[in-house]
1. Note down all Cβ pairs under 6 Å where the first residue falls in segment 8-22 and is in the same structural domain as Ile74 (by TED's automatic domain parsing) and basic (Lys, Arg), the second is open to solvent by less than 10 Å² (accessible area, probe 1.4 Å) and within 6 Å of the ligand (Cβ to nearest atom), and they're at least six residues apart or on different chains.
2. Of all residues in segment 153-172, how many are buried (at least 24 other Cβ atoms within 10 Å of the Cβ) and more than 19 Å from Glu18 (Cα to Cα)?
3. Could you list, in sequence order, all residues of segment 40-63 that are without any contact (Cβ under 8 Å) to a residue 12 or more places away in the chain, at negative phi and within 11 Å of the ligand (Cβ to nearest atom)?
4. For segment 120-150, give me the residue count where each residue is closer than 30 Å to Arg193 by Cβ, open to solvent by 80 Å² or more (accessible area, probe 1.4 Å) and at pLDDT below 95.
5. For segment 179-222, how many residues are among the charged types (D, E, K, R), open to solvent by 30 Å² or more (accessible area, probe 1.4 Å) and either at pLDDT below 95 or farther than 16 Å from Ser11 by Cα (or both)?
6. Hand me the list of helices (runs of 4 or more DSSP H) wholly inside segment 1-83 holding 3 or more residues that are closer than 19 Å to Arg197 by Cα and not acidic (Asp, Glu).
7. Inside segment 124-158, can you point out the residues that are in a loop (DSSP other than H, G, I, E, B) and either out of contact with any Lys or Arg (no Cβ under 6 Å at 6 or more places or on another chain) or without any contact (Cβ under 8 Å) to a residue 24 or more places away in the chain (or both)?
Amino acid sequence: MSARLYSGPLSLFGAKVEIAAREKGIDFQLVMVPFSQQQGYSPKDPEVLRVNPKRQVPVWVDDAVELYDSTQIIEYLEDRWPTPALWPRALAGRARARLLEHASDEVFFPHVIRLMGMRANPDPVDAPEWRQACAGIESYYARMEQALGTHRHIAGDEYTFADIAFYLAQFFAARHTVPIGGAHVNLRAWRARVAARPAVKQVLDAMASYLRSIDYPVPEYG
Ligand SMILES: N[C@@H](CCC(=O)N[C@@H](CS)C(=O)NCC(=O)O)C(=O)O
């Protein structure tokens with residue numbers, strides 16, 4: 001049986017794995033679990049419940065392994081399908097790319113999650129928590145703009161999992177009103193470079209179609 005990836009139509013972490021698997025040309029089946037804006041991930045997919053005690057997507061199942069957590073899964077994909085490599089070969093570069101992938105999920109994205117949580121409030125823009133989350137996103141953009149400099153990619157010149165993670169995270173930030181501003185010329189050029197990759201385009205186009213199908217706005221993502 002071919003490998004299966006359980007994901008959701010608006011799952012950043014599922015999309016991270018899907019892009020990585022497509023970049024590597026892996027033969028896998030994408031299973032979109034039940035999801036709606038109103039009900040969230042309900043009912044939970046039985047395979048997700050069986051494999052992941054955290055009851056979350058993404059879940060990866062193939063003949064050799066059953067895995068959950070996007071970072072665990074991409075590490076396995078890299079070991080099992082090493083070409084094309086999505087971590088740098090050199091030790092320091094590899095460590096830096098891993099840290100940036102982690103920071104995208106655990107430092108940058110939590111600000112976006114805060115914005116998502118406040119959207120239901122009558123006037124979230126007035127709340128100090130809203131302004132703090134926006135400031136956190138903006139200061140991360142400023143740091144990445146500086147760090148990127150003339151490099152082609154987030155962790156140096158090679159395209160890595162760190163690019164995939166941060167590309168998706170900034171797309172969600174843009175969806176929640178904080179896109180990369182025009183002053184960040186390096187970051188915007190990087191965003192266009194990553195968006196042009198066929199694997200990224202395929203996954204983002206599907207996410208954008210889903211958003212349009214439920215009448216949600218789609219930010220500029222190229
Ligand atoms: N750290 C996990 C996060 C996974 C996660 O937050 N998944 C979300 C969708 S993007 C989910 O399944 N949420 C449903 C729930 O928590 O019940 C990863 O990297 O895979």
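The values are calculated or read from the model by the stated rules, or taken from the named source; none is laboratory data. From a predicted model like this one, the values you see are computed outputs, not experimental measurements. Here Cβ is always computed from backbone atoms with ideal geometry, including for glycine, and neighbour counts include all displayed protein chains. These area figures cover heavy atoms from the full protein model, side chains too; ligands, DNA and RNA do not enter into them. Shrake-Rupley method; radii C 1.70, N 1.55, O 1.52, S 1.80 Å.
1. Lys16/Ser70
2. Total satisfying the criteria: 2.
3. Ser42, Lys44, Leu49
4. 1
5. Narrowing segment 179-222 to residues among the charged types (D, E, K, R): 188, 191, 193, 197, 201, 205, 212, 215, 220.
Filter again for open to solvent by 30 Å² or more (accessible area, probe 1.4 Å), leaving 188, 193, 197, 201, 205, 212, 215, 220.
If we keep only those that are either at pLDDT below 95 or farther than 16 Å from Ser11 by Cα (or both) too, we end up with 188, 193, 197, 215, 220.
Looking only at that region, the number is 5.
6. On the way: elements: 12-23, 46-51, 70-80.
Where helices (runs of 4 or more DSSP H) fall fully within segment 1-83 and carry at least 3 residues being closer than 19 Å to Arg197 by Cα and not acidic (Asp, Glu), they are 12-23.
7. Within segment 124-158, Ala127, Gly149, Thr150, His151, Arg152, Ile154, Asp157, Glu158 meet the criteria.
Residues checked against (1) assigned by TED's automatic domain parsing to the domain that holds Arg114; (2) under 30 Å from Asp79 (Cβ atoms); (3) touching a residue at least 24 places away in the same chain (Cβ under 8 Å):
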| residue | (1), (2), (3) |
| --- | --- |
| Thr160 | yes, yes, yes |
| Asn186 | yes, no, yes |
| Lys201 | yes, yes, no |
| Met207 | yes, yes, yes |
